[in-house]
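The values are calculated or read from the model by the stated rules, or taken from the named source; none is laboratory data. Everything numeric here is computed off the predicted structure, so don't read it as measured data. Side chains are part of the model used for accessible areas, which takes the heavy atoms of the whole protein and leaves out ligands, DNA and RNA. Shrake-Rupley method; radii C 1.70, N 1.55, O 1.52, S 1.80 Å.
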Amino acid sequence: MTEVERLAGQLVDLARTGIDVSDFGNGPRPGGLRRMDAAGGWFYFLVAPRALLIIIVRIMPPFDAL
């Protein structure tokens, strides 16, 4: 969870500087649901630039932690 918070904080910091973070991570197209690796697991997020939000949708821990 701490790694996801750190990465989400970095996305917010980048967005504050004017960088478009809607195509960061993996996803079928920019602006849609994105996936980013984090500490052996991953998390899904959406970027809502007009609302100045990065929405963490789901966090998947590493399989050995399940």
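Taking amide H positions as placed 1.01 Å from N in the peptide plane, with prolines and chain starts having none, which residues 5 or more places from Ala38, or on another chain, fall under 5 Å of its amide H?
So Ala38 has HN proximity to Phe43.
With contacts defined as alpha carbon pairs under 8 Å and 6 or more residues apart, what's the relative contact order of the chain in percent?
23
Give me the accessible area per residue for the chain, probe 1.4 Å, as a whole number in Å².
Details: 4610 Å² over 66 residues.
Using a 1.4 Å probe on heavy atoms only, each residue of the chain averages 70 Å².
Each residue of the range 5-21 in order: what ³J(HN,Hα) in whole Hz does its phi give by Karplus 6.51 cos²θ - 1.76 cosθ + 1.60, θ = phi - 60°, with x for Gly and Pro?
Values per residue, Gly and Pro as x: 4, 5, 5, 4, x, 5, 4, 5, 4, 5, 4, 5, 7, x, 7, 6, 9 Hz.
Can you pull the percent of the chain's accessible area that's carbon plus sulfur, 1.4 Å probe, other chains left in place?
Roughly 58 percent, rounded to a whole number.
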